[in-house]
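Okay, so here's the structure we're looking at.
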Amino acid sequence: MLDMVMEMITGADPYTLAAVGASLIVAVGIYYLVFILGPAETKGKSAVELGGGSLAREQVADNYKAYADFFKKPKEIENAKQVPKLVDTFYNLVTDIYEWGWGQSFHFSPAITGKSHREETRLHEEHVADLLHIKPKDKVLDAGCGVGGPMRAIAAHSGANVVGITINDYQVARARSHNKKAGLDNLCEVICGDFLNMPFTDNSFDGAYSIEATCHAPQLRDVYAEIYRVLKPGKLYVTYEWVTTPLYRADNSEHVEIIHGIEHGDALPGLRSYSQVVDIAKDVGFEVLEEKDLALPPALPWWKRLKMGRIAYYRNHVVIALLSFLGVAPQGVVDVHEMLFKTAEHLSRGGETGIFTPMHLLVCRKPEIEQ
């Protein structure tokens, strides 16, 4: 075979050799982009596997349009009952892209000097376990678990049994696959369900947490009340919330534009303020033991990863556009990726202006004796 190739090359004219050389360079370049640079940091997905989650290929474009139209004006959503369905659609559209371009933990973390993104993420997740004071054999709830990145870190760190719930059945399959590959399926369980109406009995968990997840709830009180219901008396709930900070001004057009961009690109039915989340937690019966914005100094900017990812975005966008053109990736994926890039711009501006944080910490306790 090698002899045949050598004979073809030695007998070819210069133009043919140039064409063959160019083709080889392009082929190697595409392979490098898709298979070497393409996979996520944690090797969860490769570019050729990008799709629409549980959606059929031909449904991706139409579902993206329905999502984009619904979240045009998040604070003016008339039918809140449709929010869970559209959040499910959102995660069908973005889960593969998130895994490919970000990793298995769909959240931000404070930047730490000398630490990689993966290490920063792990430490941010392990901090939750430490705040909960959980131990082996404890049963812990992950409300809005995604594909289970935090779940696996917390289970490995604490030895606790973690039960995750996500509204998206595609994420359930991804999480179970990752759990098995990590050898943690004996500690991690994932179910498909709505955290506004969870299929768990009262007073059944030794701890609970949510990481940048409850922001999707139409009414935050509803999900906090459900977590309160399933938590054992005296046990803790830890949450990282997406909120506007004291610097946000509703009469500042730039502030409003930034927050609206974050809401539209992340399936949020309206961001709450830092003070609202505390009041709501207290209103459902929690004792708020600690409240803190983990993005404030001495923490380094959490949005630096978005800034550093600009080159990767353009590289990824070329790959996705090419795969879509070739029919490997479904139509509509390019639009979803472009939306996420615009959202990253709004998130960065939210961080730079200080009007938004994705990591407002609340540590809450369900009283031993309910009032």
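The values are calculated or read from the model by the stated rules, or taken from the named source; none is laboratory data. For clarity, every value in this text was computed on a predicted model and none was experimentally measured. Cβ atoms come from the backbone with ideal geometry, glycine included; neighbour counts cover every protein chain shown. Ligands, DNA and RNA are stripped out before the accessible areas are found, and what is left, the full protein with its side chains, is counted by its heavy atoms. Shrake-Rupley method; radii C 1.70, N 1.55, O 1.52, S 1.80 Å.
Details
- Matching residues in the stretch 205-219 - criterion: being surrounded by fewer than 24 Cβ atoms within 10 Å (Cβ to Cβ), assigned to a loop (DSSP other than H, G, I, E, B) and modelled with pLDDT of 95 or more: Glu212
- Near pairs, Cβ below 6 angstrom, 6+ apart or cross-chain, from the stretch 109-134 (within 19 Å of Glu99 (Cα to Cα)) to any residue that is at pLDDT 95 or above and in a helix (DSSP H, G or I): Ser109/Glu120; Ser109/Thr121; Ser109/His124; Arg122/Ala153; Glu125/Pro150; Glu125/Ala153; Glu125/Ile154
- Just one residue in the set Gly332, Gly350, Gly265, Gly285 is touching a Phe, Trp or Tyr at 6+ places or on another chain (Cβ under 9 Å) and over 30 Å from Ala61 (Cα atoms); that residue is Gly285.
- Residue in the stretch 332-351 that is nearest to Val319 (Cα to Cα), counting only those that are open to solvent by less than 20 Å² (accessible area, probe 1.4 Å) and touching a strand residue (DSSP E or B) at 6+ places or on another chain (Cβ under 9 Å): Leu347
Conditions (1) among the β-branched types (Val, Ile, Thr); (2) surrounded by fewer than 24 Cβ atoms within 10 Å (Cβ to Cβ); (3) at pLDDT 95 or above, marked per residue:
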| residue | (1), (2), (3) |
| --- | --- |
| Phe108 | no, no, yes |
| His117 | no, yes, no |
| Val128 | yes, no, yes |
| Leu132 | no, yes, yes |
| Ala143 | no, no, yes |
| Ile154 | yes, no, yes |
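- Qualifying residue in the stretch 193-203 (condition: closer than 11 Å to Val163 by Cα and modelled with pLDDT of 95 or more): yes
- The residue that is farthest from Leu306 (Cα to Cα), counting only those in the stretch 67-106 that are of a type in the set (Asp, Glu) and at pLDDT 85 or above, is Asp88.
- When residues in the stretch 92-106 are screened for being within 9 Å of the chain's Cα centre (by Cα) and open to solvent by 10 Å² or more (accessible area, probe 1.4 Å), 5 of them pass.
- Strands (runs of 3 or more DSSP E) completely within the stretch 117-194 that count 3 or more residues being within 22 Å of Leu268 (Cα to Cα), under 17 Å from the mean Cα position of the chain (by Cα) and of a type outside the set (Phe, Trp, Tyr): 161-166
- Selected residue (criterion: surrounded by the fewest Cβ atoms within 10 Å (Cβ to Cβ)) from residues of the stretch 227-239 that are touching a residue at least 40 places away in the same chain (Cβ under 8 Å) and part of a helix (DSSP H, G or I): Tyr228
- In the stretch 210-221 there is no residue that is more than 22 Å from Gln276 (Cβ to Cβ) and acidic (Asp, Glu).
- Looking only at the stretch 352-371, and only at residues there that are buried (at least 20 other Cβ atoms within 10 Å of the Cβ) and not aliphatic (A, V, I, L, M), the one that is nearest to Ser204 (Cα to Cα): Lys366
- Whichever residue in the stretch 243-274 is more than 22 Å from Phe70 (Cβ to Cβ) and aliphatic (A, V, I, L, M) and, among such residues, is most open to solvent (accessible area, probe 1.4 Å): Leu247
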